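Engineer: This structure is in structure tokens; I'll ask about it shortly.
The values are calculated or read from the model by the stated rules, or taken from the named source; none is laboratory data. Quick caveat: nothing in here was measured; it's all calculated off a predicted structure. Because the Cβ atoms are built from the backbone with ideal geometry, glycine has one as well, and the counts that use them run over all protein chains shown.
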Amino acid sequence: MKIGIFGGTFNPVHKGHMKLAQYAIEELKLDKLLLVPNHISPYKLKQKTISGKDKLNMLSLVLEDKMEVCDFEIKRKNISYTIDTIKYLKNKYKNDELFFLLGSDNLPKLHKW
């Protein structure tokens, strides 16, 4: 199975997020796309964010075909590091092909991850 991983602050989720999600599903021919809201971004510590519960609720309202919400980072209730999430999902989906999606707003700071 081909599974996309789309993490983000989703503060709040918006049309740009959903356009990227749908584009990835179509272009990569994904069987599933996981939307992974973070609890606390290490790069946005001073930014006020909506609650994890609200992020999960909002994402569940905008889900489209082949999309699921993954609450791994919200449940951890700590600073969210992408590497921890990737390790968790790689272990959970051992026999699947994983694709990591990144919004263009994060690309310039990817080297700091």
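Engineer: Out of the range 1-20, which residues are assigned to a loop (DSSP other than H, G, I, E, B) and closer than 11 Å to Val62 by Cβ? Steps first, please.
Structural biologist: Of the range 1-20, the ones assigned to a loop (DSSP other than H, G, I, E, B) are 1, 9-14.
The answer is Phe10, Pro12, Val13, His14.
Engineer: The conditions are (1) under 26 Å from His111 (Cα atoms); (2) within 11 Å of the chain's Cα centre (by Cα), and Val69 fails exactly one of them. Which is it?
Structural biologist: (1)
Engineer: Name the residue that is surrounded by the fewest Cβ atoms within 10 Å (Cβ to Cβ), counting only residues in the range 94-103 that are farther than 14 Å from Val36 by Cα and out of contact with any strand residue (DSSP E or B) (no Cβ under 6 Å at 6 or more places or on another chain).
Structural biologist: To start, the set of residues in the range 94-103 that are farther than 14 Å from Val36 by Cα comprises 94-97.
From what is left, the residues that are out of contact with any strand residue (DSSP E or B) (no Cβ under 6 Å at 6 or more places or on another chain) are 94-95.
Numbers: Lys94: 7, Asn95: 5.
By that ranking, first place goes to Asn95.
Engineer: Take the residues in the range 43-60 that are in a helix (DSSP H, G or I) and small (Gly, Ala, Ser), then tell me which one is surrounded by the fewest Cβ atoms within 10 Å (Cβ to Cβ).
Structural biologist: Pass one, the range 43-60, residues in a helix (DSSP H, G or I): 52-60.
Next cut, small (Gly, Ala, Ser) only: 52, 60.
Values: Gly52: 18, Ser60: 12.
Out of the qualifying residues, it is Ser60.
Engineer: Write out, first by first residue and then by second, each pair whose Cβ atoms fall under 8 Å of each other, whose residues are 6+ apart or on separate chains, and whose first residue, in the range 24-41, is farther than 16 Å from Leu59 by Cα while the second is among the aromatic types (Phe, Trp, Tyr) and surrounded by fewer than 19 Cβ atoms within 10 Å (Cβ to Cβ).
Structural biologist: Correct list of pairs: Ala24/Phe99; Leu28/Phe99; Leu30/Phe99.
Engineer: Can you tell me how many residues in the range 61-82 are surrounded by 14 or more Cβ atoms within 10 Å (Cβ to Cβ) and in a helix (DSSP H, G or I)?
Structural biologist: Selection size over the range 61-82: 6.
Engineer: Looking at Thr9 and the list (1) at pLDDT below 95; (2) of a type in the set (Ser, Thr, Tyr); (3) in contact with a Phe, Trp or Tyr (Cβ under 8 Å, 6 or more places away or on another chain), which single condition is not satisfied?
Structural biologist: (3)
Engineer: Select from the range 21-42 the residues that are outside any loop (DSSP other than H, G, I, E, B) and under 21 Å from Tyr81 (Cα atoms) and write down the one among them that is modelled with the lowest pLDDT. Write out each step before concluding.
Structural biologist: Step one: of the range 21-42, the residues outside any loop (DSSP other than H, G, I, E, B) are 21-28, 32-37, 40.
Subsequent filtering for residues that are under 21 Å from Tyr81 (Cα atoms) retains 21, 33-37, 40.
Numbers: Ala21: 97, Leu33: 99, Leu34: 99, Leu35: 98, Val36: 98, Pro37: 96, Ile40: 82.
Of everything passing the filter in the range 21-42, Ile40 is modelled with the lowest pLDDT.
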